[in-house]
Structures are given as C-alpha cells and as structure tokens.
Amino acid sequence: MTTNISIETQTINTLRLLSNQMITKAGSGHPGIALGAAPILYELYANQLKINPENPKMINRDRFVLSAGHGAALLYATLHLAGFNMADCKIKPNTLHKKTAETLMVID
C-alpha cells in the first residue's frame, strides 16, 4: 500500500524532526513550539514572506522575529530548509535579559 503524503506535510514533518534533534542534542529545552508551530513557519517561509536565500541581505526583504527563545531550533531548521546558508549563522546566548535563557540568532 502506497501513501501519498504531500510535499507540504513532508516538509512540516522534517521541520519537526530537525528541530527536535537539535533540542535533544543540546540536552536543553522542550519540543512544544517545534511540534506546534512548524506548520506556521512552513506557511510563512514557503508562501508569505518575501525572501531570497541567495541574497539574504536583499533590501526589500521581509523580516521575521521569533521571540520565543526555545523556538530557535525550529527557526534554524526552517531557514535551513528554505535554502539559507546556516554555516554563516552565529547562535549566541541573549545577554540582554539575564533572567531568561533566550537565544539570539545573527545572520551576517
């Protein structure tokens, strides 16, 4: 029996898997946002945002800010699948709010 799973569903499940692998490897965090928000980030990056992975500093690009620090793995996986070169990405602890364990992702 062959099942036909849409490319959208496959991509969303891949986002969930990659995010949860990062969370597990880090030994910190929880997968809630990775599981729940994957369809939202897929829709934004696949169909709504004006982006160009080949020119990430495009003047008129849309920007997306994810304020939930525990969702950084999901954002990282989304950017990777959208075609951005994540080797240039620097992930740093957010030092602005010492009471939280948020993550700041900078793409130079």
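The values are calculated or read from the model by the stated rules, or taken from the named source; none is laboratory data. None of these values were measured; they are calculated from a predicted model. Because the Cβ atoms are built from the backbone with ideal geometry, glycine has one as well, and the counts that use them run over all protein chains shown.
Key figures
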| read-out | value |
| --- | --- |
| Ala82 being closer than 15 Å to Thr11 by Cβ, modelled with pLDDT of 90 or more, of a type in the set (A, V, I, L, M, F, W, C) and touching a Phe, Trp or Tyr at 6+ places or on another chain (Cβ under 8 Å) | yes |
| Every residue from the range 1-38 that is farther than 17 Å from His80 by Cβ, modelled with pLDDT of 90 or more and within 15 Å of the chain's Cα centre (by Cα) | Gly32, Leu35, Gly36 |
| Pairs, first within 14 Å of Pro56 (Cα to Cα) in the range 71-84, second of a type in the set (Asp, Glu), C-beta under 9 Å, six or more apart | Gly83/Glu54 |
| Residue tally, condition at pLDDT 90 or above and not in a loop (DSSP other than H, G, I, E, B), over the range 44-72 | 5 |
| Matching entry among Leu96, Leu104 (being among the aliphatic types (A, V, I, L, M), in contact with a Pro (Cβ under 8 Å, 6 or more places away or on another chain) and modelled with pLDDT under 90) | Leu104 |
| Residues within the range 1-42 that are surrounded by 12 or more Cβ atoms within 10 Å (Cβ to Cβ) and outside any helix (DSSP H, G or I), tallied | 2 |
| Residue pairs meeting the criteria (Cβ under 6 Å; at least 6 apart or on separate chains; first in contact (Cβ under 8 Å) with a residue 24 or more places away in the chain, in the range 32-58; second of a type in the set (S, T, N, Q)) | Ala34/Ser19; Ala34/Asn20; Leu41/Thr78; Tyr42/Thr11; Tyr45/Thr78 |
